[in-house]
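Mind having a look at this structure? Questions to follow.
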Amino acid sequence: MIKAHQNNKRNLFSPIIFAVVLYAIAGAAKAGDIAFNGEFGAEPLRQVFILSATLGSVALLKWLIADAPLSLFHRHTVTPLLRAIVSLVLYSAGAMFLLNRLLGINLVPILTTSAVLTGIVALSLQDTIKNLFTGIWINMERIVAKGDWVRVSDREGQVMEVTWRTTRLLTRENDYIYLPNRLLADGVLENYTYPTPLHVIEVDIGASYDDPPDRVRGALSEIALSTVSVLSDPAPEVWITGYGEASVRYRLRAWVDDFRKVYAVRSDIYSKIWYSFRRSGIEIPYPAMNILRKKEDRARSRGGIRGSLKAVDFLRALTDDELDRVEASARIEVFGRGEAIVTEGEAGSTCYFLSSGRAEVCSKGQNGEVLLVTTLEPGGFFGEMSLLTGEPRSATIRATEESVCIVIDSGVFHSIFREDPELSGRLSELLSRRAGELKEARERSAEPIRPAELQESILSRIKQFFKV
């Protein structure tokens, strides 16, 4: 990187060095001319002076106009096209001056008296000339520049180059499109990058009439804010756009600052809507012929809950009747890849059993960095301390692939603890054992863990949370 910076700096100031060398030669020639005082050999020195001074002035003017850090063009985007035009004008003027001074050839009368020839050439090359001047206008007005995402004549892509004749776009399909510059002047041009890269993404979705609008709008806002690349400022907006035959129509508007990501972000939002609505019980209306199939799928899914709950070690303290009640209150939630099932520090009162899929357990370190603690496989469970004590989540659990979880809520345990007060003692013993194992595995602490004290602490928190 340092080497590249040095090369850029060298390239930036090399025209100045070249101009100084030419001015030095011109100065030496002028000094020699003065020394000869019109004697033999003075004329070649005058010619060297004129040639060196002219070329040095052209190089200096080109640098001041197009390349200098504080030049006018640096307020815009200086492309090879503008540099080529500036060079052509300056060097042409310099050549005409040298021909006149050194050889006595004056091209001005020739150029001014050939109006007919000039008109014929201009007429035959009118499209080319229009493309040329449009290219100059594009760069001077900063209409588009390299890197901008634009739409021109129903063609969408990223600007790769603006030349004297065409503008080259790279489409999302990785194809190059060469557009004549006149199309940018004659048609409608949409620039998604300049003057601001902010772009709104609109997602339309329908929800059942049974779901309150505030609940749906809140869920859609949370989905947008949890999506990667969606900005929190400006904040997402949710509008009700109308009432359909089977659903209330909503429109989610979320902002991104990179147009390249629009389609990926929209896809992520649609995916998250499916998972979030399914977990929240918000219904997306569908054809009536699928209702019977949906009921059958629910019946099959509940059939596996009982076996899964029996595998959870801290639930082994429950009687069959108590386990039946827990099973009846349990629900199934599906999480998409990348979704956070629980978030560290958030309040919680549910426990999760991973029926299928995989999830990673992450926790913040002392310096705020995110540490990967472990990976959960099917059969793993988490959240039991929040379920029974109401404690905030101690880690973030994120699905690494589509994961199906059985969710147990603390509400069912209120009635169970009232009927079986001794259950809290049996559960605290199991939880203290598991908590001790986790602490040893994570911290590898040399400080001994006292099971009795840990069990007593958990028991008191259970009783306090459930008021038993």
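The values are calculated or read from the model by the stated rules, or taken from the named source; none is laboratory data. These numbers come from a predicted model, not from an experiment. As a convention, Cβ positions derive from the backbone with ideal geometry for all residues, glycine included, and neighbour counts pool all protein chains shown.
Provide a single number: the residues in the range 185-222 that are in contact with a helix residue (DSSP H, G or I) (Cβ under 6 Å, 6 or more places away or on another chain) and farther than 24 Å from I284 by Cα.
3
Looking for whichever is assigned by TED's automatic domain parsing to the domain that holds L387, at pLDDT below 95 and surrounded by fewer than 19 Cβ atoms within 10 Å (Cβ to Cβ) here; the options are A299, A330. Which one fits?
Going through A299, A330 in turn, the sole match is A299.
Kindly indicate which of A246, A207, A224, A219 is in contact with a Pro (Cβ under 7 Å, 6 or more places away or on another chain) and within 19 Å of V334 (Cα to Cα).
Sole residue among the options that is in contact with a Pro (Cβ under 7 Å, 6 or more places away or on another chain) and within 19 Å of V334 (Cα to Cα): A224.
Which one is surrounded by the fewest Cβ atoms within 10 Å (Cβ to Cβ), of the residues in the range 182-216 that are hydrophobic (A, V, I, L, M, F, W, C) and over 27 Å from S229 (Cα atoms)?
V188
Results for (1) assigned by TED's automatic domain parsing to the domain that holds Y275; (2) under 20 Å from S271 (Cα atoms); (3) surrounded by fewer than 14 Cβ atoms within 10 Å (Cβ to Cβ), shown as yes or no for each residue.
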position: D148; (1), (2), (3): no, no, no
position: T163; (1), (2), (3): no, no, no
position: P180; (1), (2), (3): no, no, no
position: G218; (1), (2), (3): yes, yes, yes
position: S221; (1), (2), (3): yes, yes, no
position: P234; (1), (2), (3): yes, no, yes
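Please state which one of D409, D313 is more than 25 Å from T227 (Cα to Cα) and either over 40 Å from the mean Cα position of the chain (by Cα) or modelled with pLDDT under 80 (or both).
Result of the check over D409, D313: D313.
Which of the numbered conditions does T375 fail, given that it passes all the others? Conditions: (1) polar (S, T, N, Q); (2) touching a residue at least 24 places away in the same chain (Cβ under 8 Å); (3) not in a strand (DSSP E or B).
The failed condition is (3).
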